[in-house]
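Okay, structure first, notes after.
Read-outs throughout are calculated quantities, based only on the coordinates presented, and are distinct from any laboratory measurement. For clarity, every value in this text was computed on a predicted model and none was experimentally measured. For neighbour counting, all protein chains shown are included, and Cβ atoms are generated from backbone atoms with ideal geometry for every residue, glycine included.
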Amino acid sequence: MENWFNVGKIVNTQGIKGEVRVVSKTDFGDQRYKVGNKLYLFMPNSTEPFEVTVTSHRVHKSFDILTFEGYNGINEVEKLRDAIIKVPKEQLGELEENEYYFHEIIGCTVLTEDGEELGKISEVLTPGANDVWVVKRKGGKEVLIPYINDIVKEVNVADKIVKIHLMEGLL
């Protein structure tokens, strides 16, 4: 299993005072981007990360705006554009019951209550009130499964199996 987990991507600078604009890939932005936290930047075409320390965090429109210790101006952060922000496995916190990290769900096989295999979860969307799991079917067609109690009946991340109630109109 991978030891690094993607929490966002630096897509641009913000202003001239060393802020970067981040498209976040985490449900825990306030925790991940807390002042003093260590984050690890993976630059394009590089396999070794380098560590940065968060000195400020705010949300602006749909972006997380961050500053890092030692990066005080636009010229210093410009070179960070396109970096993938990751955290090590050790920084993943414990989740509540029936909560899962994306990496635990992606790759799970989806079965109906009757045991029919629908496909594998290829992506998790977070459009609003509940997550939506994208299931890639063998024929290439995708099925969208809302993560709600009426549909998702059992999640076994150890065996990578999800059992669902196939409601009318879902397929």
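Do any of Lys34/Lys86; Lys9/Lys34; Lys34/Lys79; Lys9/Lys79; Lys89/Lys136 go past 18 Å between their Cα atoms, and which?
Lys34/Lys79; Lys89/Lys136
Its Cα gyration tensor gives the chain an equivalent ellipsoid. The semi-axes, each the square root of 5 times an eigenvalue, are 36, 15, 15 Å from largest down.
Segment Lys17..Ile148, full-extension length gain: 42.9 nm, with 0.36 nm per residue of separation and the alpha-carbon distance subtracted.
Please state, rounded to one decimal and in Å, the Kirkwood hydrodynamic radius that the range 102-164 gives when every pair of distinct Cα atoms enters the mean of 1/r.
Numbers: mean 1/r = 0.0867 Å⁻¹.
Evaluated on the range 102-164, it is 11.5 Å.
The residue list Cys108, Tyr33, Ile164 was ranked by how far each Cα lies along the charge dipole of the chain toward its positive end, using unit charges on Cβ atoms, and Tyr33 comes out on top.
The GNM of the chain, with springs linking C-alpha atoms under 10 angstrom apart, assigns the highest mean-square fluctuation among Glu19, Glu69, Glu94 to Glu94. Taken along the Cα-to-beta-carbon direction at a fixed 7 Å, the label points for Asn37 and Ser122 span 3.0 nm. Post the alpha-carbon centroid distance, the range 50-95 to the range 126-171, in whole angstrom. The distance from the Cα centre of the range 50-95 to that of the range 126-171 comes to 32 Å.
Database remark: amide H of Gln14 closer than 5 angstrom to the amide H of Glu19, Val20, Arg21 (H placed geometrically; neighbours at sequence offset of 5 or more, or on other chains; Pro and chain starts carry no H). With the simple model of a label 7 Å out from the Cα in the direction of the Cβ, Glu90 to Lys61 spans 3.8 nm. For the chain, adding -39500 (n - 2.57) for each run of n ≥ 4 DSSP H residues and dividing by the number of residues yields -1000 deg cm²/dmol at 222 nm. Residues in the range 130-139 carry Karplus couplings, in order, of 9, 6, 10, 9, 8, 9, 8, 8, 4, x Hz; the curve used is 6.51 cos²θ - 1.76 cosθ + 1.60 with θ = phi - 60°, and Gly or Pro positions show x. Result for the chain in a Gaussian network model with C-alpha springs under 10 Å: among Lys136, Lys61, Lys89, the largest mean-square fluctuation is at Lys61. In this structure, the amide hydrogen of Val7, modeled 1.01 Å from its nitrogen in the peptide plane, lies closer than 5 angstrom to those of Ile85, Lys86, Val87, counting only residues at least 5 positions away or on a different chain. Ellipsoid fit via the Cα gyration tensor, the range 4-90: semi-axes of 17, 15, 12 Å, each the root of five times an eigenvalue, largest first.
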